[in-house]
Amino acid sequence: MILVRESPPLYLIGATEPFPDPIGENFDDLIAIGGDLAVDRVLDAYRSGLFPWFIEYHMPHWYSPRIRMILEPSMFRASKSLTRAINGGRFIIKTDCAFRQTMIACATIERKREKETWISGEFIESYCELHRLGYAHSVESWLNGELVGGLYGLQIGRAFFGESMFAFKPDASKVALAFLSKQQPFGAIEMIDCQVASAHLASLGGVEISREGYLRRLSQTIGPL
């Protein structure tokens, strides 16, 4: 592990080196670069309070935001219009039926919004392998036989690590999140990690939490780091 920047600190890590302790130094959101997206590496990152976001120069970038957003399933809030969408049965909700397609759709939405996407081919292949092994999951909203919204992420213990959402029809992703929060189809969930704070997620019940607070919650939901 090589310190490549002192203030704020940033480390270059090899494929088998442990991640830096996010609490150990005065880190910014970006903690380290390097390594790879191998299954064990990605799982270790989530268990350590980090997640991969972007690949530059063939090196994953590992983040642990100073301010994170989480959603407790019991605190999910639905507006009147969303409640009508949930209860109206317009969408058929499925799980793990189109995982790769869900990732590709999320990447498509990101490109339209930001002109680029961090959900590269490397990410898709890595998370599809995590899906095959039973760690990564998708919740999908279908309408007239077409996938029109959903989300994907990983579940480890009682924590669901949300990665991305998409909607080609109004409320399609929100209904999928409501289903995840209420039905908890992949096992009991105490915390949904939303990673980066946004007004959209806050309107659904997401709350901001410090890095230190997040790591405490993480240890409670998946065990000691």
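FYI, it's all coordinate maths here, none of it is from the lab. Source: prediction; values computed, not measured. Neighbour counts run over all protein chains shown; Cβ positions are idealised from the backbone, glycine included.
On a 0 to 90° scale, report how tilted helix 99-114 is relative to the longest principal axis of the chain, with both axes built from alpha carbons and the result rounded to the nearest 10. It works out to around 80 degrees.
What the Cβ-Cβ distance of D40 and R158 gives, at R0 = 22 Å and to the nearest 0.05, is a FRET efficiency of 0.55. Spatially, the range 188-210 and the range 1-60 are offset by 23 Å when compared through their Cα centroids. Taking a ≥ b ≥ c as the square roots of the eigenvalues of the alpha carbon gyration tensor, the range 69-222 is rounded, as a/c is under 1.5. When the square roots of the Cα gyration tensor eigenvalues are ordered a ≥ b ≥ c, the ratio a/c for the range 1-99 is 1.5 or more and a/b exceeds b/c, which makes its shape prolate. What dipole magnitude, in Debye to the nearest 20, does the range 2-65 give about its Cα centre under +1 on Lys/Arg Cβ and -1 on Asp/Glu Cβ? Computed charge dipole of the range 2-65: roughly 100 debye.
Here's the picture: charge each Lys and Arg Cβ at +1 and each Asp and Glu Cβ at -1 in the range 69-222, and of S79, Q183, V148 the one pushed furthest to the positive end of that dipole is S79. Once the C-beta distance of L143 and E110 is scaled by a Förster radius of 22 Å, the resulting FRET efficiency is 0.55 to the nearest 0.05. Once both axes come from the Cα atoms, what is the angle between helix 121-132 and the longest principal axis of the chain, in degrees from 0 to 90, rounded to 10? It works out to around 70 degrees.
Rounded to the nearest 20 debye, the dipole magnitude of the chain is 1120 debye, with +1 charges on Lys and Arg beta carbons, -1 on Asp and Glu beta carbons, and the Cα centre as origin. For E122 and R5, the FRET efficiency from 1/(1 + (r/R0)^6), where r spans their Cβ atoms and R0 equals 25 Å, is about 0.55.
For a paramagnetic label modelled on E129 (point 7 Å from Cα along Cα→Cβ), amide N atoms under 15 Å away belong, within the range 19-48, to 35-45. When each of the peptides 88-96, 131-139, 175-183 is scored by the mean number of other C-beta atoms lying within 10 Å of its residues, the order from highest to lowest reads 175-183, 131-139, 88-96.
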